[in-house]
Structure formats: C-alpha cells, structure tokens
Amino acid sequence: MPNAFNFSASPFDCLNPDEQRLVRNSVDVVYFREGETILEVGSAPTHLFVIIKGYVTQLDGNEVTTTYGPDDCFDGRGLVAGRVSSRFVASQEVVAYQLAHQAVSDLIASNATFGALLFSDLGDKLSALSQRKGQHELQSLTLSRVDEAFLRPAHFVDADTDILSVVKLFQQHRLSSVLVRDRQSTPERLGIFSTTALQRAILDGRPLDQLAVGELSNYALIEVAPSDQLGDAMAVMLRQRVHRVVVSDAGQVVGILEALDLFSFLSNQSHLITVEIEEAKDLAGLSQAAARITRMIALLYRSGSRINLIAKLVQQLNSRLFERAWNLIAPAELVANSCLFVMGSEGRGEQLLKTDQDNGLILRDGYKAPDNLAAICQRFSSALEDFGYPPCPGLIMVSNPQWCKSASQFGQMTRQWLIMPDGDSLMNLAIFMDAHTVCGDDQLLDAVRRGLMTLATDNDAVLSRFAAAIDSFGGSTGWWNRLLGLGDAESQLNLKKEGIFPLVHGLRSLAMAHRVPEISSAGRIAALVKEGKLDAALGVDLTESLYFFMGLRLKVGLAELETGQIVTGAVNVARLSSLERDLLKDALAVVKRFKVLLRYRFHLDAV
C-alpha cells in the first residue's frame, strides 16, 4: 500500500526521489470509524495524516472550520507546534496514511518548500508555490528585472548644446534620445531630448545650429530602478504614455530602457494593442484591438505572470480603449466639459476577462450639453457591447440618464443614497465608491467623491447598513461541504459570491469609514495598514487571497471561453488539484476571519 502513495498531491509533489523514499519507508495505513475523534485539542500529535478515503472535519469548539478529503493532509501545524489546537473527527469512515513525526521533521529540514506548503500561512504558501522548480518550464519574462533587458547607454549633453550637434550625435551613435544637463538651474536638473522633440525643433523655425537643446527638453523624467520588474516598467510606460524610461540606481543613471527593446524582450501583444488603439481611425479598428486584449490575458496567464500585473495592464489598455472610443464618438467640447468614468472591478483595476459595463458621465455645472447627448451616450454603450462588454443588467451605463448628470445632480443623488438608504441605493453607493476616470476632467469626479466621503463617515448607521452587504449572498456555513462536493452533485463554488465580494466590499466599507481615498483593494489594504486600521498580517493574507481568487477565476474563465461556454465565475471544485483546493480553503478561511472583524467593527449583529 505505501508504494501507492500519491506523490502528485501537495505538498508531496515537491519531493525529490530520496525524500519520496523516506516517505515510503516511514508511512503506515490506519482506519477510523465514522464519528471517531482522531486528534483531540491539547494532545501531542505523533503523525501527519494523509487521507486515502473518507472525510475528516476540523472543529474549533462546536464550529466546523475545515473539512479534509482524499489526498488532503492534517495536522501539520500541530505536529510542528507539538500540540493540537483543534479537534479532528472522522465525518465518514476514513482510511489514511500516517507519516511518522521524525520523517516529517527530516523532510521540513531538507525541503523548505515542503515545510511552507505544509503548515505556513496563505501568503507563504503562495510564495513557495511561485518559487517551485518545474511550476513553469519558463518563468514569465514579465517577472524579469529591468537590468536583465537590453539597456541603451545614456549619452549626456549640456543644455546649451545646439540641436544640430545633437542630431549629428544621434546619427553617429544611432541614438533616439540624449540626457540633457541644465547646469544653470539650482539645483542642477536633468532632462531628456528625443527624436519626437526634434519635430518640434524643426517646426520652431529657428536655425537648428542656433537653437539650444535645453529649450525643448523634457525635465519631468520618468524613472525606474534596475531591480524593478519589467512588467511594472511596461505598466509605467503605458500609464505615462512614454516610449522610454530612465533607469537609475541610487541617483545614478544606469541606462535607457526603450519601449521597443522592452516589448521585444517580453514578446507579448500589449504594445501592439496600444499602438492599434492609438492609431484606430474608427470604432471597427478599436473592436479589433479589443479582441486582442483577451488573447493577451491568456498569454500572460499561461506564461506565469502575476495576477496583479495582468490586471494592471488590462486596466491601462481598457482605459485607453474607452478613452479612444469616447473621443471618436463625443464632440471635443463635450469631452472637455465632462468626466467619463468606470466603476466596479474595472474601476478598481481588478477586472481580467470582460464583464458587464459599469460606467457613468458627469457634466460640468453650467455647461449646455449637445441636444443629441442621449444618442451619443447610447452609441458609446453600443460600441462597448461590440467590443465584448455586455450591457449592465442594472443599466448602470452612460446610456441611462440616471448615470449621466451634471456634477451638482450627481452630488445630490449620492447624498440621497446616504440619507435614504435602501437596497438599490446602497448597491449604487458601493459601485460608485470604485469609480475611476478614463477620460475628461477628473476633478469633476473627485469633487463628488469628496462630498460623499465627508457625509458618509459621519453616519454610523449608514456605515453599518453599507457594510452589512458582506452577507448579501447568504452565510458561508456550507462552503466547506461545497468545496469538497458533499451534498452538492455539481460541486460548484461561486468565487465572486463566497470570496471576492465580501473581501472587496469589506475593504470598501473600511475605506469609507476611515476616509481612505484609494480605489483598488490592494491600495485600500495598504492605506488601512499604514494608518493602523488593519492588522499588517491580515492585510497580507487579504491581498494574497484576492489575487488567488482572481487567478483561479481567470483560469476557469479561460477554460470556459475555449470550450465556447459563457463565463460564469463558478468553480467546479471536483476538478481542482489538491494544492488548489488547499489554497482555496485557506483563502476562504481568511475571508471568514475578515468578516468576523467587520461584524465587530460595524456592529453588524445589531443591524
């Protein structure tokens, strides 16, 4: 029987042949009757158990905290601590391997990954997982450091150097930019002059040999560090709309990272998509670019890119896509006197695959909108639908007059959501909390949001009713059974309802209560931890849990798209690996712990 030990299940799938041999030589098979207590609180465990058949329930007092099934192991933490902190009961007849304490200790000593996956917290498990050899044949190139890519040498000129001399330098060294030292300023400043600025120099009209390069240089340098990841450098270029960044280490310039060099290194489609969006002459051209975004997401995911990086790139590309579409549809005067914004996961920068539209338009007070404003907004909503973003079932779109108003009307509407809170108004409030500008005057949105935050934080009753939505989708008492397929033939788990929504909305509620202006969930966590409103360790676990949920949901969604199915967000837990199931249980446990904190903070038992 020990020869049949499943070494493909976590955490044993990281063992080398010698370590596997140690397991075979140290393992026995045991049997427990249904209802039998396997480990009691306070006892000193002597073995690590790995279930072959049946299910084991872990209880804290009378509360079920976890259920273990075939290929799951327990109680690694108790074995390392020398004391069991929970009671483990066979909920069915159980056949299991028992691995001797000394063998487990030897494995932990020889294999750090095994130890981390066995008893560490979620963040450590995911960190260990990302470092496992063989997890991917090739590590995602977006995880490479900036200094691993090709950096062009930095060439320096003084600010009083004439443009003609700089052009000769371009030709001599095959450059596209030089760094410009302005020694006349106090303190001395450093700028950049590129071939793009050369066009402005020619149009200036003065002879190039009489025009100083410093006059047309850009002194707002965009910098990255050599140790930064290439994926982050790519996101900076997309956000700042620049074709190169200066690489500097402790104030010393190391070189220049050009966009073409970066994207040649990464070999993915994001640069091509950006160029296609910028050069699109009509909505049909934008639709082609939109179709490429999903293909890029699949490519990045399968190459092992970090989920937060993929989400960041998707947000940047979608923002450019929506902005370009709005500029093609709306007259320039309307664009200048309004603020087009997105909400929900798109606003937070946590959307991966295309989801329902959530957007709105704030008009400047006193501005007379075009008579055909409704038609313009409808055309925009139709364009997004053509791009693959379905209409919002709740009509939270610019084509709905409720979400296309003047700034004062928007302010009045948001105040009414607070003063007369009901189910719909609290839902609208939650959605609006995640609003992010994609085009126009962002000050219009900021002003409405500031007024909302000031009023909301003075009303504890509203905050409590707002936070109570964490239980909108029912209690979580049954998700361990659904996770393991007990009592549910299809074994489907909705990640958004059980994990993502309570986590995201809980952070949204804390952000409102403490006037945190951040929009993204990770940003809210960082701000709350910094202000001492959230425990740092819990903050790490919440961040890692969110990214795990997003990654698992993306994996399932891509599989659904490949088979021509509608993306549902539901996970068939029977198809998860033992490691994925283990991590999912840990992530859901983090959400459960977070909900306890929220109930105490917002007095939800009294709501």
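What number of residues within the range 96-125 are modelled with pLDDT under 85, in a helix (DSSP H, G or I), over 16 Å from A587 (Cα atoms) and not hydrophobic (A, V, I, L, M, F, W, C)?
Qualifying residue count, the range 96-125: 2.
Output the residues belonging to the range 490-519 that are basic (K, R), within 16 Å of the chain's Cα centre (by Cα) and more than 15 Å from F548 (Cβ to Cβ). Walk me through it before giving the result.
Applying the first criterion (basic (K, R)) to the range 490-519 yields 496-497, 508, 515.
From the residues that got through so far, the ones that are within 16 Å of the chain's Cα centre (by Cα) too are 496, 508.
Once the filter is applied, which keeps residues that are basic (K, R), within 16 Å of the chain's Cα centre (by Cα) and more than 15 Å from F548 (Cβ to Cβ), the range 490-519 yields only R508.
Only one of these conditions is not met by L534: (1) in a helix (DSSP H, G or I); (2) under 22 Å from A469 (Cα atoms); (3) more than 16 Å from the chain's Cα centre (by Cα). Which number is it?
Here L534 meets the rest and fails (1).
In this structure, is A447 modelled with pLDDT of 85 or more, outside any loop (DSSP other than H, G, I, E, B) and crowded, with 20+ Cβ neighbours inside 10 Å?
Working: modelled with pLDDT of 85 or more: yes; outside any loop (DSSP other than H, G, I, E, B): yes; crowded, with 20+ Cβ neighbours inside 10 Å: no.
Against the criterion (modelled with pLDDT of 85 or more, outside any loop (DSSP other than H, G, I, E, B) and crowded, with 20+ Cβ neighbours inside 10 Å), A447 does not qualify.
When you go through L262, L230, L257 one by one, which is the residue that is surrounded by 13 or more Cβ atoms within 10 Å (Cβ to Cβ) and modelled with pLDDT of 85 or more?
On inspection, the qualifying residue turns out to be L257.
Considering only residues that are farther than 26 Å from A289 by Cβ and within 26 Å of the chain's Cα centre (by Cα), look in the range 394-418 and name the one that is modelled with the highest pLDDT.
L395
Within the range 49-58, is there a residue that is touching a helix residue (DSSP H, G or I) at 6+ places or on another chain (Cβ under 8 Å) and aromatic (F, W, Y)?
yes
Among the residues of the range 81-99, which ones are buried (at least 18 other Cβ atoms within 10 Å of the Cβ) and under 24 Å from S26 (Cβ atoms)?
Listed by number, the residues that qualify are V84, F88, A90, V94, A96, Y97, L99.
Is there a residue in the range 550-563 that is within 30 Å of A461 (Cβ to Cβ), outside the structural domain of T414 (by TED's automatic domain parsing) and surrounded by 21 or more Cβ atoms within 10 Å (Cβ to Cβ)?
no
Which of the residues belonging to the range 4-24 are in a loop (DSSP other than H, G, I, E, B), out of contact with any Lys or Arg (no Cβ under 8 Å at 6 or more places or on another chain) and hydrophobic (A, V, I, L, M, F, W, C)? Give the steps one after another, and end with the answer.
Kept after step one, since they are in a loop (DSSP other than H, G, I, E, B), are these residues of the range 4-24: 5-11, 15-16.
Still in the list and also out of contact with any Lys or Arg (no Cβ under 8 Å at 6 or more places or on another chain): 6-11, 15-16.
Within the range 4-24, F7, A9, L15 qualify.
Output the residues belonging to the range 265-294 that are modelled with pLDDT of 80 or more and over 16 Å from E323 (Cα atoms).
A291, R292, T294 - these are the residues of the range 265-294 that are modelled with pLDDT of 80 or more and over 16 Å from E323 (Cα atoms).
Is there any pair linking a residue in the range 23-40 that is surrounded by fewer than 13 Cβ atoms within 10 Å (Cβ to Cβ) to one that is basic (K, R), with Cβ under 8 Å and at least six apart or on different chains, and which?
Close Cβ pairs (under 8 Å, with a partner that is basic (K, R)) amount to E40/R87.
May I ask you to say which residue of L455, L444, L463 is in contact (Cβ under 8 Å) with a residue 40 or more places away in the chain, of a type in the set (A, V, I, L, M), in contact with a helix residue (DSSP H, G or I) (Cβ under 6 Å, 6 or more places away or on another chain) and closer than 23 Å to V335 by Cβ?
Working: L455 fails: closer than 23 Å to V335 by Cβ; L463 fails: closer than 23 Å to V335 by Cβ.
None of the other options fit; the residue is L444.
Quick test of your reading of the structure: G61 fulfils all but one of (1) surrounded by 20 or more Cβ atoms within 10 Å (Cβ to Cβ); (2) within 36 Å of the chain's Cα centre (by Cα); (3) small (G, A, S). Name the failing condition by number.
(1)
Quick one: in the range 237-254, of everything that is at pLDDT below 85 and among the basic types (K, R), which residue is surrounded by the most Cβ atoms within 10 Å (Cβ to Cβ)?
R239
Which condition does F473 not pass, out of (1) under 24 Å from L429 (Cβ atoms); (2) modelled with pLDDT of 85 or more; (3) part of a loop (DSSP other than H, G, I, E, B), if it passes all the others?
(2)
Please pick out the residue among D147, D160 that is assigned to a loop (DSSP other than H, G, I, E, B) and either at pLDDT 85 or above or of a type outside the set (F, W, Y) (or both). Reasoning before the result, please.
Details: D147 fails: assigned to a loop (DSSP other than H, G, I, E, B).
The match here is D160.
Within the range 304-350, which residues are modelled with pLDDT of 85 or more and either outside the structural domain of P370 (by TED's automatic domain parsing) or over 30 Å from K405 (Cβ atoms) (or both)? So that I can check it myself, show each step before the final result.
Going through the range 304-350, the residues modelled with pLDDT of 85 or more turn out to be 307-308, 310-350.
I307, N308, I310, K312, L313 - these are the residues of the range 304-350 that are modelled with pLDDT of 85 or more and either outside the structural domain of P370 (by TED's automatic domain parsing) or over 30 Å from K405 (Cβ atoms) (or both).
Of all residues in the range 165-188, how many are part of a helix (DSSP H, G or I) and of a type outside the set (V, I, T)?
First pass over the range 165-188, keeping only residues part of a helix (DSSP H, G or I): 165-173.
Those still in the list that are of a type outside the set (V, I, T) too: 165, 168-173.
Number of matching residues: 7.
The values are calculated or read from the model by the stated rules, or taken from the named source; none is laboratory data. Please read these numbers as outputs of a predicted model, since none were measured by experiment. With ideal geometry, Cβ positions are generated from the backbone for all residues, glycine too; neighbour counts draw on all protein chains shown.
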